[in-house]
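The structure appears below as structure tokens.
The values are calculated or read from the model by the stated rules, or taken from the named source; none is laboratory data. As the structure is a prediction and not an experimental result, all values here were calculated from the model. We work out accessible area using only protein heavy atoms, side chains counted, and drop any ligands, DNA or RNA first. Shrake-Rupley method; radii C 1.70, N 1.55, O 1.52, S 1.80 Å.
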Amino acid sequence: NENQYFSAVEPQGNYNKISLGVGHSPSLNFDSAMTAEIWVKFYPEKNDKDPLLLKLKESWFYDYNPYGYDIAYRNNSGTIAMNCGLQTDKGSFVNWCPAEINDTLWHYVVFTYDANAGLNNFITYVDGVVKAKQTVTGKIDAGEGMLKLGPGIGDNFYHDLAYKIDEVRLWNTALTQNQLQQNMTRTNFNPPLTNFELYKVLNEVSLNNKTVNGKEFKWDFGNGQSSDVMNPKYTYPVAGEFQITLTGKNENSITAMSQNVSIHGLDHFEPTAAGNSGWVTLQIYGGGLSPENTQILLRKSENPDLAGDTIVEVVHLTEEAPSCSIAGKPTPLILGTMAM
């Protein structure tokens, strides 16, 4: 029923913003872990920036410096970029997502935080896929203000705000990506049940689209290349660790699913030159690389080999697989140090 959605669509010239406040209670405050879920549908009259969900610690909102926790957005030349904020007793933190939403469909936005989860423990998902993450420390500090759904208190001078939100859920634990994928299908929005199978032979992948209830599809191969073919094959030109994402769309909403693929081999290393003495740190890029049973040797004719002193793995995109790309920038899988 369209009338059951919480609507923040503002009539032109009306300074009275539509919002919903929930009074403070202990159930709205979390200690060391939480999840916030929301479905949102934007309209062409969407504005510059505003919160969708906001746990107020102060009487004002600014997305660069969160007080409590929030899910918000900014309009970048007609395309929406989501952001999620969190304050702990160690400081304020914001996950900034890329500007990607430019339609009027329902989108699923989530952030999770677990103080005891180690690296990259503050994560933002859009439509089921990780869009931003960082390492945060401390206990959640949300104060005793109300939970607010809708525009910020100080934004009455805006006239073109328009969105709908629904199915807001707060949890006292950090849900996993698999749990969020399941929650994403438990909705009245009739979303695509996005799913695919991946088969790899050497550096070629074959992708089998298993999505139910989808009308349009787009594949992202994790290296800047994409396809709208239903069941594509793709050959990676270089070795590395890549995240393949399938986005499914129908007339009502959008969902997505990702899988990681490892294209084995050495791509390149940096730096390619160093001084004649001291230490050098080599950043080695590729796929299927591991510090175990790996040795780095520097060879020069008529000189003894120099062996790497320390070899360590650097970064993981997810818990399952290492990555060679974060936000489009190559990230080394192995660091090796050696005396020159």
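Stretching SER77 away from ASN190 to a fully extended chain increases their span by 37.8 nm, per 0.36 nm per residue minus the current alpha-carbon distance. Compared with the direct C-alpha span, the chain from GLU270 to GLU292 gains 5.9 nm at full extension, assuming 0.36 nm per residue. I want to verify the translational diffusion coefficient of segment 47-198 in µm²/s; compute it with Stokes-Einstein, Rh as the Kirkwood radius over Cα pairs, at 20 °C and 1.002 mPa s. Translational D for this selection: 132 µm²/s.
State the Kirkwood hydrodynamic radius of segment 161-301 in Å, one decimal place, computed from all pairs of distinct Cα atoms. Don't skip to the end; give the middle numbers.
Numbers: mean 1/r = 0.0538 Å⁻¹.
The answer is 18.6 Å.
Between segment 254-291 and segment 205-248, the alpha-carbon centres lie 23 Å apart.
Surface composition of segment 137-267: carbon plus sulfur atoms hold 47% of the accessible area, using a 1.4 angstrom probe and ignoring ligands, DNA and RNA. Using a probe of 1.4 angstrom and keeping all protein chains present, the accessible surface of segment 27-106 works out to 35 square angstrom per residue.
What fraction of the Cα pairs in segment 190-257, stated in percent, has a spacing above 16 angstrom? Intermediate results must be reported in sequence, preceding the final value.
Working: 991 of 2278 pairs.
I get 44 percent for the Cα pairs in segment 190-257 exceeding 16 Å.
Taking max minus min of the alpha-carbon positions on each principal axis, segment 115-235 gives extents of 55, 39, 28 Å, largest first. Under 28 Å of direct C-alpha separation, and excluding same-chain neighbours fewer than eight residues apart, LYS139 reaches these lysines: LYS49, LYS55, LYS57, LYS90, LYS131, LYS148.
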